[in-house]
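Here is the structure we will look at.
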Amino acid sequence: MDHKRKIMMCLTLAAVFSPVFGKEDWKATVVKNIEALVGSCVVLPCTFTHPGTQLSNSRLRGIWHRKDNWNEIFYHEDNTKIQDSFKGRTKLLGYLGDDNCTLEIDDVKDHDNGPFCFRVELVKKDDNKPTSDKFSFVEECAEIKMLHDPRKPKFGPLKSAVEGKPYTVTCSIRHTCSSHWPEITWNRGSKDDIIEVHKDINGGIWETESILVFIPEEKDDHTDLTCTAKFHGGKSSSTAFMLNVKRTENYNHIIIPVVAVAATAVIFGLVCVLMSTQYKYQDGSMWNRMSRLSLKYSFLLRPNNATSCGGQTTSKPRCPSPKSQPKSFNYKKDIDDNDDYMNTADLNVYGNV
């Protein structure tokens, strides 16, 4: 019985303190298919897991190689071991101590198809030489599909633009070069009018979105709004649409005349009120005052058939001037002499006024 217990204890300790690197316990996750723009860059996402405690970055060495030829190395911390066609173009972006083995390939060439496989090695602390503990994830390799021409950016849902009101439009482009974002520019607006957002879609695909906010004017109607995406490496692509600006309804041609008429009516009403108030407390009404004025000066007006000084009817009253005859102090003599002169003072022709 004691012998069996000792055997079980040994097996348990062996399982607990077994080497950290067990071939069946290591796993890697790599994007198996991804697109890349020739001349730009591509980032191959990669993570791996292992049993046991976390290992420091100095204890791990990451290598990328071809699937069917482990000696054809695309990335190694020792640059001399890298294939000449890949020297200076590959870089490990991930931190191995965090189980991240992500690889960047810059200045993508037509022949960078892959498949690319990740390999990890345990190294000694003193001399940094590899140990016998190493593992290649040949079942998890990445292949690249080449794009010679960049894809065109796309606009978001387009809404109607209204003159004088803020207008928002979005433009986005998807890519696989997350270490160098594409630059999106517009044919109008400034940097202060633009907001840029980067989204991780999935599987190594990223989306760069540019949001433009501006206030359209009448002159912007039927003009092209262009969005241009410039990729790392120099290639670019553009897309555009015609902007239709709706004019704001203007009712000034109605409002101004109405306001003018209303203001005139108000002013006229105020004047009438003031005049009626002024004459209300005076003697009689305004019509009575006008009547008195007409009677006062009525003696100045006579009918056309008025009586002359000699009792004859004439169209216009006329009396000879006293200066036309010599002065006479004998009134009777003057009458006998058939003189036309009459003392108008004795004739009350018009009556007492």
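The values are calculated or read from the model by the stated rules, or taken from the named source; none is laboratory data. Keep in mind the model is a prediction, meaning the values are calculated, not measured. Every residue, glycine as well, gets a Cβ built from its backbone with ideal geometry; the counts of neighbours run over all protein chains shown. All accessible areas refer to the heavy atoms of the entire protein, side chains included, with ligands and DNA or RNA removed. Shrake-Rupley method; radii C 1.70, N 1.55, O 1.52, S 1.80 Å.
Using C-alpha pairs under 8 Å with a sequence gap of at least 6, the mean separation divided by the residue count of the stretch 27-147 gives a relative contact order of 35 percent. Modelled label positions at Lys219 and Arg151, each set 7 Å beyond Cα in the direction of Cβ, lie 3.7 nm from each other. The heavy atoms of His175 present about 20 square angstrom of accessible area, all protein chains included, probe 1.4 Å. Each other residue within a Cβ distance under 12 Å of Val197 adds +1 if Lys or Arg and -1 if Asp or Glu, for a net charge of -3.
Solvent exposure of Lys145, expressed as accessible area, is near 120 Å², computed with a probe of 1.4 Å over the protein chains only. Per-residue surface analysis assigns Met242 an accessible area of about 100 Å², computed on protein heavy atoms at 1.4 Å probe radius. About the centre of its Cα atoms, the stretch 135-229 shows a dipole size close to 120 debye [charges on the beta carbon of Lys, Arg (+1) and Asp, Glu (-1) only; nearest 20 debye]. Here the stretch 154-246 is described by how far its Cα atoms reach on the three principal axes: 42, 23, 21 Å, from widest to narrowest. Taking all protein chains together, Phe231, Phe155 sort by accessible area into Phe155, Phe231, largest first [probe 1.4 Å]. Of the listed residues Trp70, Trp206, Trp26, the order by accessible area with a 1.4 Å probe, largest first, is Trp70, Trp206, Trp26.
Residues Leu225, Leu93, Leu55, ordered by accessible area of protein heavy atoms at a 1.4 angstrom probe radius and largest first, appear as Leu93, Leu55, Leu225. When DSSP beta bridges are limited to those with both residues in the stretch 27-147, what percentage is antiparallel, rounded to the nearest 5? In the stretch 27-147, DSSP labels about 85 percent of beta bridges as antiparallel.
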